[in-house]
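The values are calculated or read from the model by the stated rules, or taken from the named source; none is laboratory data. As the structure is a computational prediction, the values presented were derived from the model and not from experiment. Cβ coordinates were reconstructed from backbone atoms using ideal geometry, including for glycine residues, and neighbour counts include every protein chain displayed. These area figures cover heavy atoms from the full protein model, side chains too; ligands, DNA and RNA do not enter into them. Shrake-Rupley method; radii C 1.70, N 1.55, O 1.52, S 1.80 Å.
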Amino acid sequence: MQALLDVILPVFLVVGFGYVAVWRGLFSPEGVQGLMKFTQQFAIPCLLFRAIATLNLDQQFEPGLLLSYYGASGAGFVAGLLGARYIFGRDWEDSVVIGFGCMFANTVLLGLPITERAFGEAALGPNYMIIAFNAPFCYGIGVTAMEIVRNRGGRPRDTLKAILNAMFRNALVIAITLGFFVNFTGIALPTALTDAINMMIRAALPAALFGLGGVLVQYKPEGDMRVILYVCAISLFMHPALAWILGRTHDLPSEMFRSLVLTSAMAPGINAYVFASIYGRAQRVAASSVLLSTAACVLTAWMWLSLL
């Protein structure tokens, strides 16, 4: 438990700094929007680009790992989408955002440090393999579903065009695509460029967390608590439980199985709010779900860890 607190408490402190700064008028809401734009479109894409460009795909690629994780993740999206629509009566656009939050786990900020503290740095290979496909998979499903519901009644050709435009304008998807290109071709990047990317990366997560805290001042959970708790339940219990079952079905090695379950058990990542912000829908649900589920993750991650 102490290890989990050592990892997660600093995350909360940075979020709290952002919240207090905006709440007390030390940092403007407009500044928060600019900060979030910087992290979403520049710093976090640099982080993903470097991680994928340097990933050893030959050693870490395991179809059963990916099928187990993303089978459970996709089921979380369906449960979130249909639950938001038919249990809570949200419109389809809001439901897509809520479903996105149910499937996009915080694989980097929480999944990596918790796995490292529990099993050592050598155990992180399967985590990186999951991370490599996380944004393309989740954004691919989320953008496709959103564009379908936004263009319902229109021509299929127009819907497909909207999906492709949205995907290839997404900075995260572009960064991941470029990362795979560098990885596969073995291109050596200039030292000056890699140093600049590394400088951007160091700012990515702290700035994103500080910005999230500022966002929470605007989006409080009044009136949405039931759906927020629903997102937390799917993310923290349903996703890892299904991943556990699928991982056993694929007979994964123990080190991959541990990374699978722990990564699946992480709270929704900040990209849940990023996606909501892109479309301007269910932002209060997304922001509050990230905060509350991350707090609950202190206990739920310890529970899943004790079962491994």
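What's the local net charge at Glu93, with K and R +1, D and E -1, over the other residues with C-beta under 11 Å away? Neighbour charge sum, excluding Glu93 itself: +2.
Quick one: accessible area per residue over the chain, 1.4 Å probe, rounded to a whole number of Å²? It would help to have the intermediate numbers written out before the result.
Details: 13730 Å² over 308 residues.
Per-residue value: 45 Å².
Between Phe133 and Ala203, the contour length at 0.36 nm per residue exceeds the alpha carbon distance by 22.9 nm. For Ala282, nonlocal amide neighbours, meaning residues 5 or more places apart or on other chains whose placed amide H falls under 5 Å from its own, do not occur. Tally Lys and Arg at +1 and Asp and Glu at -1 over the other residues with C-beta under 11 Å from the C-beta of Ala276: what net charge comes out? Neighbourhood net charge equals 0.
Here the accessible area is traced with a 1.4 Å probe on the protein chains. For the chain, carbon and sulfur cover 65 percent of it.
Residues in segment 31-48 carry Karplus couplings, in order, of x, 4, 4, x, 5, 5, 5, 4, 5, 5, 9, 10, 5, 5, x, 4, 4, 5 Hz; the curve used is 6.51 cos²θ - 1.76 cosθ + 1.60 with θ = phi - 60°, and Gly or Pro positions show x.
Here's how it looks for Ala105: its modeled amide H is under 5 Å from those of Gly269, which are all 5 or more places away or on a different chain.
Couplings 3J(HN,Hα) for segment 258-274, derived from phi with the Karplus relation 6.51 cos²θ - 1.76 cosθ + 1.60 (θ = phi - 60°), are 5, 5, 4, 5, 5, 5, 5, 7, 7, 5, x, x, 4, 5, 4, 6, 4 Hz, where x marks Gly and Pro. In this label model, Phe88 and Thr194 are separated by 4.4 nm, measuring between points 7 Å along each Cα→Cβ vector.
As a calculated quantity, the FRET efficiency between Leu13 and Met225 at R0 = 22 Å, using C-beta atoms, amounts to about 0.35.
Multiplying the residue separation of Leu164 and Trp23 by 0.36 nm and removing their Cα-Cα distance gives an extension gain of 46.9 nm. Once the Cβ-Cβ distance of Asp251 and Leu308 is raised to the sixth power relative to R0 = 22 Å, the FRET efficiency obtained is 0.85. Remark: the chain carries a charge dipole of roughly 740 debye about the Cα centre, counting +1 on each Lys and Arg Cβ and -1 on each Asp and Glu Cβ. Per residue, the Cα convex hull of the chain amounts to 138 Å³. Using the Karplus relation 6.51 cos²θ - 1.76 cosθ + 1.60 with θ = phi - 60°, the per-residue 3J(HN,Hα) values for segment 284-296 come to 5, 5, 5, 5, 5, 5, 4, 5, 5, 5, 5, 5, 5 Hz, with x marking Gly and Pro.
Each peptide in 195-208, 41-54, 270-283 was scored by the mean count of other Cβ atoms within 10 Å over its residues; highest first, the order is 270-283, 41-54, 195-208.
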